[in-house]
Every structure is written in C-alpha cells, then in structure tokens.
Amino acid sequence: MHDSADVPKIRVERVTKSFEERRRKSRHPLAVSDRGEVVTILDDVSLDVREGELVMLVGHSGCGKSTLLNVIAGFERPTSGRVLIDGVEVAGPDPRRMFVFQENSLFPWLTVAENVALGLESAGPGERATVPELLQLVGLSGFGDYYPHQISGGMGRLAELARALAMNPDILFMDEPFAALDFMTRCLMREEVLNLMALLGKTVLFITHDLDEAVQLGDRIVILSDRPARIQQVFEIPDPHPRDVSAGELGRIRRRAYQEMGVNPVL
Amino acid sequence: MNARSEGPSRFWRPVAAFGVLVLAWQAAASIGLFSPKVFPTPAQCVAGLVEVVRDGRLFSYTVASLFRVTVGWYIAVLLAVPLGIVLGGRAALQETINPLLQFLRPISPLAWIPLAMIWFGIGDPPAVFLIFLASFFPLVVATMGAVAGIKPLYVRAARNMGLQGSRLVLRVVLPATLPSIIVILRISVGIAWLVVVAAEMIAVKSGLGFLIIDARNALRLDLVVVGMVVIGLIGIVLDRAIRRLEQLPSLGWSLARQR
C-alpha cells in the first residue's frame with residue numbers, strides 16, 4: 001500500500017501521443033510522398049492530481065485535451081510515458097474511474113432509472129446507494145421512468161452523472177459534459193457539480209473550453225497549448241466557493257487565463 | 001416524412017384499392033378482354049376458393065407451408081443472429097468470414113434444390129433447408145452490420161462500466177441492434193415465404209406451392225390464382241405480425257431518433 005500523502009491520485013508522467021496518419025497512396029499528382037505523416041498530439045505532458053482535486057483542463061478546440069483525458073482514463077495508450085493512478089499504471093478503462101462523455105451516452109433503450117440501475121449492478125461489492133437515492137442526488141426524482149429521448153439535454157447529463165456515480169468511482173473524467181447545453185442550463189449544471197463534489201469529494205478531471213466555467217469550478221486550471229499539446233500554464237485557485245469570477249484575485253486569474261488563450265478578456 | 005392520416009380511412013382506403021382491382025378484373029373478363037382459358041374470372045376463382053375450403057385442402061396446405069417456413073426461419077434466426085453478433089464484434093473474424101458470406105449470399109436458394117433433394121430426400125426436410133438458406137445469409141450479414149454499427153459511445157460507456165461477455169451482449173449489444181434486427185427479421189420472413197412456394201413446387205406433395213403446381217397440371221387456372229391470392233394475404237399477415245415487435249416500448253428510441 002502506498003502512503004496517500006506522497007503518492008498523487010493521478011500522475012501523468014511525460015506522456016506523448018502520436019500516430020502515423022495512415023493514408024493510402026495519395027492519388028494527388030503533386031503528392032511528394034505516400035508515407036503517412038507522423039502527427040504528435042500530446043508532447044511530453046506531466047501532471048499530478050491530488051486526491052479530491054477538481055482540475056480543469058482548458059485548451060482550444062482540437063488541441064488534444066480529449067486525447068489526454070482518454071489516455072488517462074485508459075481508453076487510449078500513450079506512445080511514450082505512462083499514467084499512474086494510486087501508484088499503479090493504467091492499463092485500460094476501469095469501473096472505479098468513470099467517464100462522462102461530451103455526447104449523451106445514456107443507453108436509449110433503458111429508462112433513466114434502468115440506466116442508473118445498470119450502473120449499480122455493474123459496480124463492485126461494497127456499500128451501494130439505491131436508484132431513488134441517486135436520482136434524488138442529481139435532482140431527477142420523478143423522472144426515473146422516462147426514456148432518455150423524453151428528457152431535456154440538461155437532465156440527460158444529470159442522469160448520466162447519476163449512472164456514473166452509481167459505480168461509486170474514485171475519479172470522474174468529464175469531457176466537456178455541458179458543451180452542448182444552452183448557457184442558462186450550463187450555469188445550473190455547474191452549480192449541481194459543485195454541490196455534488198462538495199458532498200462526495202471525488203477527484204475530477206474536467207475538460208472545458210469555457211474559461212469562466214474553469215475559474216468558477218476548478219481548484220486548479222491547466223491550460224494546454226495548441227497541437228501538439230503541452231502544458232502551457234497552470235493556475236492554482238485556492239478560493240472557496242461561492243466565487244465571484246469577475247472580482248478581485250479571481251478576476252485577475254480569469255483575465256490572465258483569457259490572455260494565455262489569446263483572447264481579450266475586456267471588450 | 002408525410003403526415004399519416006388517422007382514423008378509419010387508413011384502413012378503408014387500401015381495401016378500396018383492392019376492390020377496384022377486383023372490379024377492373026371482373027369488368028375486363030365481362031367485356032371479353034381475355035379468354036377464361038388463359039386467365040380465370042373472379043367468379044371462377046371464388047368458386048375455386050369455396051371448393052378448396054370445403055375439401056379442407058386450403059387449410060391443410062396453408063398449415064403445411066407455414067410449418068416449413070416457421071421451422072426453417074426459426075433455425076436460421078437462432079443460428080444467424082448469434083453468429084452475426086459474434087462476427088460483428090470482432091473485426092478480424094469478420095474480415096475473414098465476410099467474403100465467404102458475400103459469395104454464398106447471391107446464390108439463389110433455388111439453385112440448391114438438386115443438392116437439397118439428394119441430401120434430404122423429398123418431403124419437409126429439403127423445403128425447410130431451402131428456407132433456412134434463404135433466411136440465413138441475409139440475417140447474418142445484416143446482424144453483423146448492425147453490431148459493427150453500434151454507436152462507439154455506447155460501447156465505450158459499457159466498457160467503462162465493466163460490462164463484458166454475455167452481460168455486454170444482453171444489456172447493450174442486443175438492445176442496441178434490435179431495431180435493425182427487427183427490420184431484417186421482416187425482410188427475411190418475406191424471403192422465406194417467397195422460397196417456400198418455390199420449394200413446394202418441386203419436392204413435396206402439400207403446401208400452397210404444391211396447390212399451384214398441382215392445379216396447373218390439372219389445367220385449373222382458377223385454383224392457381226386462388227393459391228396466389230392466399231400466398232399474398234398470408235405474406236401481409238406475416239409482415240404485420242413482425243411489425244408488431246416494433247412497438248415494444250424499449251424500441252421507442254430508434255423511432256424517436258428518426259423524427
């Protein structure tokens with residue numbers, strides 16, 4: 001057993017991910033070479049995440065942040081480097097670490113309650129919540145018998161969160177979970193996530209390209225550079241919630257983060 | 001998609017179309033457009049129908065045909081769907097087997113008749129075998145395609161939840177592919193019904209296909225047409241029966257997605 005004091009929950013160790021673009025021989029007359037081009041997506045990324053920390057990964061679209069999360073979650077293998085969780089190298093996806101996807105991944109042939117129940121069924125032994133408890137936790141009591149296509153996008157995200165929580169994971173990976181929602185719903189979702197995390201104390205890696213969301217939610221913001229992604233800047237945000245992201249020190253961090261991303265914070 | 005009309009007109013309009021067809025047939029016969037020797041009149045056919053109902057042939061032949069279709073098609077479904085699921089989930093295996101399936105698929109089941117008769121003799125077994133062949137290949141190919149086409153997100157979510165083996169198949173793969181599988185069940189039962197008639201013209205002494213070929217030999221064209229009409233009507237009933245499966249509540253998602 002490792003001492004939790006010196007072993008980080010997640011350690012990303014010099015991870016590089018590249019692949020050869022497998023193109024068939026180009027029919028284009030001007031093509032010089034028919035050999036695939038090596039594309040590097042992640043370039044020597046190292047990162048430690050403490051237990052219970054909520055780390056926001058921010059970067060431009062297509063910069064490789066989803067790839068980084070997929071590598072950490074075990075869905076993809078790094079080309080070099082390794083990822084350690086609780087000191088053990090990640091070999092594949094694991095029910096103790098649940099991924100909440102960008103798109104709706106609720107099983108549409110099951111009702112909301114059945115989706116959550118499938119999570120509970122699949123969870124290992126140990127103390128388990130019940131389906132009604134989980135639905136209540138995410139504020140979906142009374143919607144258990146609806147099919148996913150019958151509820152709104154925001155409720156779908158919450159149901160998916162409930163299904164992920166049913167597995168009682170240590171870590172949640174969230175890949176732009178609220179990107180497809182409208183602005184108001186997204187703000188409500190942030191509140192839900194904060195309340196849930198205050199209650200459950202999971203370690204969370206959260207991808208977003210919304211800087212306000214990052215400053216609002218994160219204990220730490222990691223800004224990734226454009227492809228190949230490297231860690232460009234890290235902001236620690238020790239401030240307790242509730243936070244007013246435009247005032248004082250937080251406002252300053254927010255403005256600096258905007259500038260790091262190459263966007264003007266004041267228009 | 002066109003708006004569907006509601007109420008009784010949805011039932012009666014197709015019935016009216018059938019009625020018009022029969023009336024046109026009768027009118028053409030009345031004005032002597034064709035000789036009853038080459039095509040019977042509706043009245044002759046009704047008389048022929050009454051005859052085969054009375055002597056019990058219609059009922060026993062229909063049962064015989066349905067029995068062969070049921071046995072052959074069920075065996076095909078029970079073998080093809082699991083095989084399609086196994087192949088669909090494994091790219092390498094699929095790449096190996098698929099060309100073989102694609103090669104066997106376009107060979108008409110009727111081309112197997114000589115072999116079927118040598119292997120299985122006469123009677124039900126060769127007919128059942130032909131129906132099995134006719135249903136099996138489309139079922140395997142379509143199931144395979146449906147499994148390979150499952151939204152990758154669902155597979156990832158399932159893997160993340162630690163679902164594997166039979167639980168993965170029963171809880172995710174089968175439900176995810178069920179809408180496509182029901183479509184191919186419909187198509188394959190139609191094919192099976194087409195083939196049973198052809199098979200019965202050769203190897204057996206009962207069934208609706210036999211009714212037609214036997215009537216032809218006796219120059220009873222009215223019974224030929226009665227056989228055709230009954231085959232068509234049973235085809236509609238079979239299709240309707242399978243379509244009922246589409247109304248399962250856990251399939252609502254696939255319809256909702258199309259909207």
Cross-chain or 6+ apart pairs with Cβ under 9 Å, segment B:194-207 first and surrounded by fewer than 18 Cβ atoms within 10 Å (Cβ to Cβ) and basic (Lys, Arg), then part of a helix (DSSP H, G or I) and modelled with pLDDT of 85 or more: B:Lys205/B:Asp214
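Suppose we filter segment B:142-195 for residues that are among the β-branched types (Val, Ile, Thr), over 30 Å from A:Pro169 (Cβ atoms) and within 14 Å of chain A (Cβ to nearest Cβ); how many remain?
Taking segment B:142-195 and keeping what is among the β-branched types (Val, Ile, Thr), we get B:143, B:147, B:150, B:155, B:169, B:172-173, B:177, B:181-184, B:187, B:189, B:191, B:195.
From what's left, over 30 Å from A:Pro169 (Cβ atoms): B:143, B:181-184, B:187, B:189, B:191, B:195.
Next cut, within 14 Å of chain A (Cβ to nearest Cβ) only: B:181-182.
Count: 2.
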Some residue of segment A:156-165 being more than 13 Å from chain B (Cβ to nearest Cβ), outside any loop (DSSP other than H, G, I, E, B) and surrounded by fewer than 23 Cβ atoms within 10 Å (Cβ to Cβ): no
Selection status of B:Leu139, among the hydrophobic types (A, V, I, L, M, F, W, C), within 13 Å of chain A (Cβ to nearest Cβ) and in contact (Cβ under 8 Å) with a residue 12 or more places away in the chain: no
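Have a look at A:Gly62, A:Gly87 and point out the one that is exposed (fewer than 14 other Cβ atoms within 10 Å of the Cβ), away from chain B (no Cβ under 12 Å), at positive phi and out of contact with any Leu (no Cβ under 7 Å at 6 or more places or on another chain).
Exactly one residue qualifies, and that residue is A:Gly62.
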Test: residue in segment B:70-84 that is within 19 Å of the chain's Cα centre (by Cα), under 21 Å from B:Met201 (Cα atoms), in a helix (DSSP H, G or I) and of a type in the set (A, V, I, L, M, F, W, C): yes
Among residues of segment B:217-250, those that are of a type in the set (Val, Ile, Thr) and farther than 19 Å from B:Leu21 by Cα, counted: 2
Check on A:Asp226, within 16 Å of A:Leu69 (Cα to Cα), among the charged types (D, E, K, R) and either in contact with a Lys or Arg (Cβ under 6 Å, 6 or more places away or on another chain) or buried (at least 18 other Cβ atoms within 10 Å of the Cβ) (or both): no
Residue within segment A:109-116 that is of a type in the set (D, E, K, R) and modelled with pLDDT under 90 present: no
Residues that are over 22 Å from the mean Cα position of the chain (by Cα), more than 9 Å from every other protein chain (Cβ to nearest Cβ), in a loop (DSSP other than H, G, I, E, B) and not basic (Lys, Arg), drawn from segment A:101-139: A:Pro125, A:Gly126, A:Glu127, A:Ala129, A:Thr130
Residues (at positive phi and either away from every other protein chain (no Cβ under 14 Å) or in a helix (DSSP H, G or I) (or both)) located in segment A:166-183: none
Cross-chain or 6+ apart pairs with Cβ under 6 Å, segment B:208-222 first and closer than 15 Å to B:Thr62 by Cα, then modelled with pLDDT under 90 and of a type outside the set (A, V, I, L, M, F, W, C): B:Gly209/B:Glu200; B:Phe210/B:Glu200
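Residue-by-condition table, conditions (1) of a type in the set (Ser, Thr, Tyr); (2) within 14 Å of chain A (Cβ to nearest Cβ); (3) farther than 25 Å from B:Gly48 by Cβ:
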| position | (1), (2), (3) |
| --- | --- |
| B:Ala199 | no, no, no |
| B:Leu208 | no, no, no |
| B:Leu211 | no, no, no |
| B:Leu221 | no, no, no |
| B:Gly235 | no, no, no |
| B:Arg240 | no, no, yes |
| B:Arg243 | no, no, yes |
| B:Trp253 | no, yes, yes |
Options B:Ile231, B:Ile212, B:Ile202; residue that is over 16 Å from the mean Cα position of the chain (by Cα), at pLDDT 90 or above and of a type in the set (Val, Ile, Thr): B:Ile212
Which numbered condition A:Asp145 fails, given (1) within 28 Å of B:Gln164 (Cα to Cα); (2) free of Cβ contacts under 8 Å to residues at least 40 places away in the same chain; (3) surrounded by fewer than 24 Cβ atoms within 10 Å (Cβ to Cβ); (4) under 21 Å from the mean Cα position of the chain (by Cα): (4)
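The values are calculated or read from the model by the stated rules, or taken from the named source; none is laboratory data. No experiment lies behind these values; they were computed from the predicted model shown. Heads up, the Cβs are rebuilt from the backbone with ideal geometry, glycines too, and the neighbour counts pull from every protein chain shown.
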